Structures are given as C-alpha cells and as structure tokens.
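Quick one: structure below, then a few questions.
The values are calculated or read from the model by the stated rules, or taken from the named source; none is laboratory data. Quantities reported herein were computed from a predicted structural model and do not represent experimental measurements. Every residue, glycine as well, gets a Cβ built from its backbone with ideal geometry; the counts of neighbours run over all protein chains shown.
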Amino acid sequence: MKCAVVGAGAWGTALSNVLAANGHSVSLWAREPDVVEAINDARENRRFLPGVCLEDAIRATGEMAEALGNAELVTYVAPSHALRDVVARGAAAVHPDAVLVVASKGIERESLAIMSEVVGDTLPRHAVVALSGPSFAVEVARGQPTAVVAASANEDAAGVVQQR
C-alpha cells in the first residue's frame, strides 16, 4: 500500500517506520530541508528522532503534492496549531479514496475542535480515523511493545488502519 505521512517530527517519523516495516511504501512530508536530506541520505531523522535507523521504504520530501500523490492511506501528524492549514494546503493532492488518519494531538484553539474533527471538516468526503495512545515515538520506532487505538465512525476505515 502507498502511504503518506504528513509531518516528520518524532511521532510522524516513528509511524512512517512502522508502516515501512510492515511492507508499505511511505512518502514522508517534512517542511525542514535538513530533515528531508538526513532521512533520505542517512536513514535517520537526526533533528526529531536521533539514533533510530529508518526503513529503506521511507522516502522523505518537502513537496506536499509529491508525498500525497496516489496515497491510499494518509496520516496527518502536524502540530495542532498548524493542522488545518497543512491539511488545506495539500487537499487537492489527496486521492479521493484515501483513508485519512489523524495522529496529531490537541484541540484547535479557535474552534475547540479535536484534531480528527479538523481533518474531517477540511476533507469532508473522506473516512477519518483517530490514532492515539499512551506511547512514545522512540519506543514505537524501535518496535517496542506499546498500545495505540484506531477509532472512527467508519468501521471499515478503522479496520484498515488497525491492520497496517
């Protein structure tokens, strides 16, 4: 499956590593050129997740449309204060049948919406799955035991995320 992860902080990078380890092709969008370069050249996100060797199936890019193009699963991991803008900027490039996963935490200050509502409001024709849990990015990236929950009003979409 082609997957896109939008946000290359520690959590986005860790989720990318899990998806890639599970056999998926992953495009990871980062706004920082040094992060893109380090991931592609050294297989490490030195800025946000140092010391974790990243899977070869991850390709970082600073181009949103490139990351999103034809992705069947899109995971948003941008900070809560920027999420609505990030989703809106890439909206035209999201595949019409893509399942959207929201791994950002927090509440939008202006609307008091939770992050899955922000994504659902911005891309209303897509199934949205919230991904959350008591976990740490470095533990997830290193494959250590942890727990996360994938929840959605769309049971099929939640199942897709749980299996990936």
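I want to confirm something. Restricting to region 106-115 and keeping residues that are surrounded by 14 or more Cβ atoms within 10 Å (Cβ to Cβ) and in contact (Cβ under 8 Å) with a residue 24 or more places away in the chain, which single residue is nearest to the chain's Cα centre (by Cα)?
Per the stated criteria, the residue is 115.
Give 23, 9 a once-over and let me know the one that is crowded, with 16+ Cβ neighbours inside 10 Å, at pLDDT 95 or above and closer than 18 Å to residue 143 by Cα.
Unique residue meeting the criteria: 9.
Give just the number: which of (1) part of a strand (DSSP E or B); (2) more than 23 Å from residue 140 (Cβ to Cβ) does residue 109 not satisfy?
(1)
State whether one or more residues within region 92-105 are closer than 16 Å to residue 151 by Cβ, surrounded by fewer than 21 Cβ atoms within 10 Å (Cβ to Cβ) and touching a residue at least 24 places away in the same chain (Cβ under 8 Å).
Within region 92-105, one or more residues are closer than 16 Å to residue 151 by Cβ, surrounded by fewer than 21 Cβ atoms within 10 Å (Cβ to Cβ) and touching a residue at least 24 places away in the same chain (Cβ under 8 Å).
Would you point out which residue out of 140, 129, 118 is outside any loop (DSSP other than H, G, I, E, B), under 13 Å from the mean Cα position of the chain (by Cα), of a type in the set (Val, Ile, Thr) and buried (at least 18 other Cβ atoms within 10 Å of the Cβ)?
After ruling out the rest, the residue left standing is 129.
Restricting the first residue to region 39-59 and requiring it to be within 14 Å of residue 12 (Cα to Cα), which pairs with a second residue that is among the acidic types (Asp, Glu) and part of a loop (DSSP other than H, G, I, E, B) meet a Cβ separation below 9 Å and a spacing of at least six or different chains?
47/32; 48/32; 50/44; 52/44; 54/44
Hey, another quick one. So residue 76 passes all but one of these: (1) modelled with pLDDT under 95; (2) surrounded by 13 or more Cβ atoms within 10 Å (Cβ to Cβ). Which condition number does it fail?
Residue 76 satisfies all of (1) modelled with pLDDT under 95; (2) surrounded by 13 or more Cβ atoms within 10 Å (Cβ to Cβ) except (1).
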